[in-house]
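A.B. asks: Take a look at the following structure, please.
The values are calculated or read from the model by the stated rules, or taken from the named source; none is laboratory data. Worth saying up front: this structure is predicted, and the values here are computed from it rather than measured. Here the Cβ positions follow ideal geometry from the backbone for every residue, glycine too, while neighbour counts run over all protein chains shown.
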Amino acid sequence: MRLRQFDLIAFDWDGTLFDSTAIIVRCIQDAVVDVGGQRPSDQAAAWVIGMALHEALAHAAPDVPPVKYPELGVRYRHHYARHQDDLTLFQGALPLLHELRARQHWLAVATGKSRRGLDEALRSVELLGVFDGSRTADETAGKPHPRMLHELMREFGAAPERTLMIGDTTHDLQMALNAGCASVGVSYGAHDVDGFEALRPLFVAHTMADLHDWLLANA
């Protein structure tokens, strides 16, 4: 087996492995309307995906006063709970993860979801045991702060130059840059790829098949 370029590969969750963007956008929009705010556009709601929940909702709903942020979070979780079983992995994601494990990469999740939300998602698609580690925004710091990646690298003894972050938002790629890690962007998630270039990803995958082929050839 040839030498690996990366020991640790960290994936964002929503919009990168999990096909959840449309549902998250709708849940954000419905939550804002519930507390009396103006319904955000699809683009505005999608842009905040990957950020910590209260920070994301505050950005997506600038007309909602801070005193209502806790209620906004409650309403978002209410709508998300109703639809979380609608979420599915992107086609080809699970075989890719198994192939990477067979090559003895460490696999991790670095996500803006809560710990409870991620654990529920992992159980819902029978992925417990596939990942070697994970970090969530509520137990570390929200993206693009590099704390998630710093903690994962310490956990596995992985050097920054041997760590790869994969995500669908500029928050993911900026986090990798802040942590001194390499990154790969995917264009099929929440953010427009126009903002990716400045953050120097090694590659931008337009489909899960693109991501599969690049990782097996280069990771």
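A.B. asks: With the condition kept exactly as written, say whether any residue in segment 152-160 is touching a strand residue (DSSP E or B) at 6+ places or on another chain (Cβ under 7 Å) and within 18 Å of Leu89 (Cβ to Cβ).
C.D. replies: no
A.B. asks: Against the condition without any contact (Cβ under 8 Å) to a residue 24 or more places away in the chain and more than 12 Å from the chain's Cα centre (by Cα), how does Gly195 come out, does it pass?
C.D. replies: Judged against the criteria, Gly195 is not a match.
A.B. asks: Also, I was wondering about something else. Restricting to segment 1-24, name every residue that is over 14 Å from the mean Cα position of the chain (by Cα) and in contact (Cβ under 8 Å) with a residue 12 or more places away in the chain.
C.D. replies: Met1, Arg4, Gln5, Phe6, Asp7, Leu8, Ile23
A.B. asks: Same structure again: Scan segment 25-52 residue by residue and report those that are buried (at least 22 other Cβ atoms within 10 Å of the Cβ), closer than 30 Å to Pro160 by Cβ and either assigned by TED's automatic domain parsing to the domain that holds Leu97 or touching a Lys or Arg at 6+ places or on another chain (Cβ under 7 Å) (or both).
C.D. replies: Once the filter is applied, which keeps residues that are buried (at least 22 other Cβ atoms within 10 Å of the Cβ), closer than 30 Å to Pro160 by Cβ and either assigned by TED's automatic domain parsing to the domain that holds Leu97 or touching a Lys or Arg at 6+ places or on another chain (Cβ under 7 Å) (or both), segment 25-52 yields only Gly50.
A.B. asks: With respect to Val25, determine if the residue is modelled with pLDDT of 90 or more, assigned to a helix (DSSP H, G or I) and of a type in the set (A, V, I, L, M, F, W, C).
C.D. replies: So Val25 fails the test.
Yes/no matrix, rows are residues, columns are (1) buried (at least 21 other Cβ atoms within 10 Å of the Cβ); (2) small (Gly, Ala, Ser); (3) in contact with a Gly (Cβ under 8 Å, 6 or more places away or on another chain); (4) modelled with pLDDT of 90 or more:
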{"site": "Ser114", "(1), (2), (3), (4)": "no, yes, no, no"}
{"site": "Glu126", "(1), (2), (3), (4)": "no, no, no, no"}
{"site": "Arg135", "(1), (2), (3), (4)": "yes, no, no, yes"}
{"site": "Glu139", "(1), (2), (3), (4)": "no, no, no, yes"}
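A.B. asks: From the list Ala93, Ala179, pick out the single residue that is at pLDDT 90 or above, surrounded by 21 or more Cβ atoms within 10 Å (Cβ to Cβ), of a type in the set (Gly, Ala, Ser) and in the same structural domain as Arg200 (by TED's automatic domain parsing).
C.D. replies: Ala179
A.B. asks: In segment 25-42, which residues are in contact (Cβ under 8 Å) with a residue 12 or more places away in the chain and either within 23 Å of Phe90 (Cα to Cα) or touching a helix residue (DSSP H, G or I) at 6+ places or on another chain (Cβ under 6 Å) (or both)?
C.D. replies: Hits for segment 25-42 are Val25, Arg26, Cys27, Ile28, Gln29, Asp30, Ala31, Asp34, Val35, Pro40, Asp42.
A.B. asks: Of (1) touching a residue at least 40 places away in the same chain (Cβ under 8 Å); (2) over 21 Å from Gly117 (Cβ atoms), Asp172 satisfies all except one. Which?
C.D. replies: Only one criterion is unmet by Asp172, namely (2).
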